[in-house]
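A.B. asks: My structure is below; once you've seen it, I'll send some questions.
The values are calculated or read from the model by the stated rules, or taken from the named source; none is laboratory data. In this text, all values refer to a predicted model and were calculated from it rather than measured experimentally. Every residue, glycine among them, receives a Cβ derived from its backbone with ideal geometry; neighbour counts consider all protein chains shown.
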Amino acid sequence: MLILGQITPPDLHGFLPTRGSVMLDFVFVALFAVIPVMAWSIYLVKFRKPDEVYKCEWHKRIQLALGVILLVAVTAFEVDMRFITKDWRSLAEASPFYASKIVDYSLWLHLCFAVPTPLLWIFVIIRALQRFPSPAAPSDYSAYHMVWGKVAATAMFLTAVTGWVFYWLAFVA
Ligand code: HEM
């Protein structure tokens with residue numbers, strides 16, 4: 001039987017032909033699905049016709065689903081980093097960008113977006129659920145939500161882009 005504490009990182013290579021762990025590979029790939037789905041959800045409300053208010057409800061459902069996925073991914077990622085992979089550095093040491101600390105800088109840049117993004121999403125979702133009618137439709141809260149919705153969506157997009165860059169520098173190069 002495998003005891004987690006005895007697994008060394010080289011045993012934990014993921015499913016991509018890189019040095020990433022299973023969880024790093026999973027998040028790397030999942031973000032390629034999350035970003036287009038989020039863009040589609042915003043497109044639905046932004047370009048709806050006056051008689052297509054029902055698209056607001058679809059936007060709500062998609063954003064709630066993405067919010068749950070984001071929460072599960074963050075939790076799984078934390079568990080992976082703390083208890084399973086533990087030391088991502090040993091996986092990244094072979095990168096030509098590791099010694100010069102470029103990998104570290106890219107991680108810091110990524111964390112600048114990755115840390116506030118879940119908080120922004122929780123805030124935007126809770127306020128939207130409280131202030132929009134159900135089924136979802138425009139209200140006097142729309143202007144506020146459109147500003148914070150754009151901030152939350154941009155933060156998510158930049159989390160993904162900086163995450164992909166970090167993954168490539170640390171585990172592909
Ligand atoms: C983190 C999650 C969410 C993000 C990032 C987000 C993002 C956005 C953005 C950027 C817009 C503006 C589109 C435009 O430029 O016209 C928008 C509109 C809208 N959102 Fe969200 N949204 C989220 C969650 C929700 C939830 C949970 C609800 C419902 C409870 C909701 C209801 C609406 C409605 C009704 C509009 C249309 C407002 C109007 O046109 O008057 N959103 N959302």
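A.B. asks: Please go through (1) more than 20 Å from Ala30 (Cα to Cα); (2) surrounded by 12 or more Cβ atoms within 10 Å (Cβ to Cβ) for Met81 and return the number of the only condition it doesn't satisfy.
C.D. replies: Looking at each condition in turn, Met81 falls short on (1).
A.B. asks: If you don't mind, another one. When you look at Leu109, is it at pLDDT below 95 and either within 28 Å of Arg48 (Cβ to Cβ) or within 22 Å of the chain's Cα centre (by Cα) (or both), yes or no? Please lay out each step first, then the result.
C.D. replies: Numbers: at pLDDT below 95: no; either within 28 Å of Arg48 (Cβ to Cβ) or within 22 Å of the chain's Cα centre (by Cα) (or both): yes.
Answer is no for this residue.
A.B. asks: While we're here: Count, please, the residues in region 41-93 that happen to be among the aliphatic types (A, V, I, L, M), within 20 Å of His13 (Cα to Cα) and out of contact with any helix residue (DSSP H, G or I) (no Cβ under 9 Å at 6 or more places or on another chain). Give the steps one after another, and end with the answer.
C.D. replies: At the first step, the residues of region 41-93 found to be among the aliphatic types (A, V, I, L, M) are 42, 44-45, 53, 62, 64-66, 68-74, 76, 79, 81, 84, 91-92.
The next check asks that each one be within 20 Å of His13 (Cα to Cα); those that pass are 73-74, 76, 79, 81, 84, 91-92.
Filter once more, keeping what is out of contact with any helix residue (DSSP H, G or I) (no Cβ under 9 Å at 6 or more places or on another chain): none.
Total satisfying the criteria: 0.
A.B. asks: Does Ala136 qualify as being over 19 Å from Val74 (Cβ atoms), surrounded by fewer than 18 Cβ atoms within 10 Å (Cβ to Cβ) and among the small types (Gly, Ala, Ser)? It would help to see each step written out before you state the result.
C.D. replies: Details: over 19 Å from Val74 (Cβ atoms): yes; surrounded by fewer than 18 Cβ atoms within 10 Å (Cβ to Cβ): no; among the small types (Gly, Ala, Ser): yes.
Spelling it out, it is not the case that Ala136 is over 19 Å from Val74 (Cβ atoms), surrounded by fewer than 18 Cβ atoms within 10 Å (Cβ to Cβ) and among the small types (Gly, Ala, Ser).
A.B. asks: Filter region 130-158 down to residues that are in contact (Cβ under 8 Å) with a residue 60 or more places away in the chain and either within 17 Å of Leu66 (Cα to Cα) or among the aliphatic types (A, V, I, L, M) (or both), then give me how many there are. Give the derivation first.
C.D. replies: Taking region 130-158 and keeping what is in contact (Cβ under 8 Å) with a residue 60 or more places away in the chain, we get 132, 135-138, 149, 153, 156-157.
Within this subset, residues satisfying the condition of being either within 17 Å of Leu66 (Cα to Cα) or among the aliphatic types (A, V, I, L, M) (or both) are 136-137, 149, 153, 156-157.
The qualifying residues number 6.
A.B. asks: Just the residues that are at pLDDT 95 or above, more than 16 Å from Met146 (Cα to Cα) and not aliphatic (A, V, I, L, M), please, taken from region 26-48.
C.D. replies: Listed by number, the list holds a single entry, Pro36.
A.B. asks: Working carefully through the options Phe83, Phe77, find the one that is within 19 Å of Ile122 (Cβ to Cβ) and either touching a strand residue (DSSP E or B) at 6+ places or on another chain (Cβ under 8 Å) or at pLDDT below 85 (or both).
C.D. replies: Working: Phe83 fails: within 19 Å of Ile122 (Cβ to Cβ).
Result of the check over Phe83, Phe77: Phe77.
A.B. asks: While we're looking at this one, here's another question. For Ala73, state whether it is within 28 Å of Arg19 (Cβ to Cβ) and assigned to a helix (DSSP H, G or I).
C.D. replies: Working: within 28 Å of Arg19 (Cβ to Cβ): yes; assigned to a helix (DSSP H, G or I): yes.
Here the answer is yes, as Ala73 does meet what is asked.
A.B. asks: Across region 122-148, what is the total count of residues that are touching a Lys or Arg at 6+ places or on another chain (Cβ under 6 Å) and not hydroxyl-bearing (Ser, Thr, Tyr)?
C.D. replies: Looking only at that region, the number is 1.
A.B. asks: While we're on this one: Taking region 117-147 on its own, how many of its residues are touching a helix residue (DSSP H, G or I) at 6+ places or on another chain (Cβ under 8 Å), within 8 Å of the ligand (Cβ to nearest atom) and within 26 Å of Val161 (Cβ to Cβ)?
C.D. replies: 6
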